[in-house]
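What follows is calculated from the coordinates using simple rules that are stated; it is not laboratory data. Since we're looking at a predicted model, the values are computed, not measured. Every residue, glycine as well, gets a Cβ built from its backbone with ideal geometry; the counts of neighbours run over all protein chains shown.
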């Protein structure tokens, strides 16, 4: 089973990487971009028998920093 | 309008970050993980009038390295 974990910064947390991307887009002449936030995408290939709780625990223990980041788990049909 | 850009490494491209995450998950005692690939998630807040071609060009010019990465553009209802 394929699982995608989307990790993004919480609202209000400063995002220098997103700021840099925003700035670079403007420098390249792209108009109409109001805001950019950078995050991580982690694709896991896991056994079909894995429990939702285990996936949740992986995110909380390793994949996301719960102090400043949110995560979202998306299961993809294999 | 909110747009999410998912950037992931192409198949066959070595992914040391994914390998490290995989190894760490095993070290934490999580079984049943076969493979891990790490990517980036970029959330853009853009004007509703922006053209699809402009989004595509942003990805090709800046957000993704087309030599080793794929991208996918997902529009999110505001």
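Please give the helix A:16-27 orientation as an angle from the longest Cα principal axis of chain A, in degrees from 0 to 90, rounded to the nearest 10.
For helix A:16-27, the angle is close to 50 degrees.
Give the distance, in whole Å, between the Cα centre of the stretch B:6-21 and the Cα centre of the stretch B:33-54.
That distance is 16 Å.
Can you list the copy-to-copy distances for residue A:77, using a point 7 angstrom from Cα toward Cβ, in nanometres, shortest first?
Label-point distances to the other copies, shortest first: 2.0 nm.
Run the quick spin-label model on residue B:45 and residue A:60: label points 7 Å from Cα toward the beta carbon, then report their separation in nm to one decimal.
Result for the modelled spin labels: 3.0 nm.
Report the paramagnetic label zone for residue A:35: residues of the stretch B:36-78 whose backbone N is under 12 Å from a point 7 Å from Cα along the Cα-to-Cβ axis.
The answer is B:43-46.
Using only the alpha-carbon atoms of the protein assembly as shown as identical scatterers, what base-10 log of I(q)/I(0) does the Debye formula give at q = 0.13, 0.16 Å⁻¹?
-0.64, -0.93
Which residues does a label at residue B:68 reach in the stretch B:17-40, if reach means a backbone N under 16 Å from a point 7 Å past the Cα toward the Cβ?
Zone members listed by number: B:17-21, B:37-40.
Taking every Cα atom in chain B, find the radius of gyration and the maximum pairwise distance Dmax, and write them in Å.
Taking only Cα atoms of chain B, I get Rg and Dmax of 15.7, 49 Å.
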